[in-house]
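Asker: The structure's right below; bear with me while I get my questions together.
Readers should treat all values here as calculations from the given coordinates under stated rules, not as data from a laboratory. Note that this is a predicted model, so its numbers are computed, not measured. Cβ sites come from the backbone with ideal geometry, for glycine too, and all protein chains shown count toward neighbours.
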Amino acid sequence: MLFNYVIFGFIDNAVMLAGVVLGISIEKKFPKKYQTGFSGATIGGGLGNAFSDFCGGLGASSMTLAIGSFTGCIIALALIPIFLKFKKV
């Protein structure tokens, strides 16, 4: 049983980290003023996490869990620009 959880954790994080790397490489194609090193990793990581949570829900044989967790991740990702607007570092 423990081995199954280790495999799930590995796959879950591998997909999320692949999203981060993909986001960073996509950000390099943005105009220079938008290449912050933050936005690509954040967007890629958020989308990778949403996808990995969706896959986890499917793995648990629950379409409701898959769609619900994916939707929750996308909502949280959409709130990042709002948070950054109010943060103003």
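Asker: So if each residue of separation counts as 0.36 nm, and I subtract the Cα-Cα distance between Thr71 and Ile11, what length gain in nm does that give?
Answerer: 19.6 nm
Asker: Could you work out how much longer the chain between Leu58 and Gln35 gets when fully extended? Use 0.36 nm per residue separation minus the Cα distance between them, nm to one decimal.
Answerer: 4.8 nm
Asker: Quickly estimate the mean residue ellipticity at 222 nm for the chain, helices only: each DSSP H run with n ≥ 4 gives -39500 (n - 2.57), and the total goes over all residues, rounded to 500.
Answerer: -27000 deg cm²/dmol
Asker: Of all trypsin sites (Lys or Arg not before Pro) in segment 1-50, which ones are in loop regions per DSSP and have a Cβ with at most 12 other Cβ atoms within 10 Å? If you can, show how the numbers build up before the last one.
Answerer: Details: sites: Lys28, Lys29, Lys32, Lys33; in loops: Lys28, Lys29.
Those that pass, being in a loop and sparsely packed, are Lys28, Lys29.
Asker: Also: Under a plain spin-label model, where a point goes 7 Å from the Cα along Cα-to-Cβ, how far apart in nm are Ile26 and Asn4?
Answerer: Going by the 7 Å Cα→Cβ label model, 3.3 nm.
Asker: Under the definition of Cα pairs under 8 Å and six or more residues apart, what whole-number percent is the relative contact order of segment 2-87?
Answerer: Computed over segment 2-87, the figure is 26 percent.
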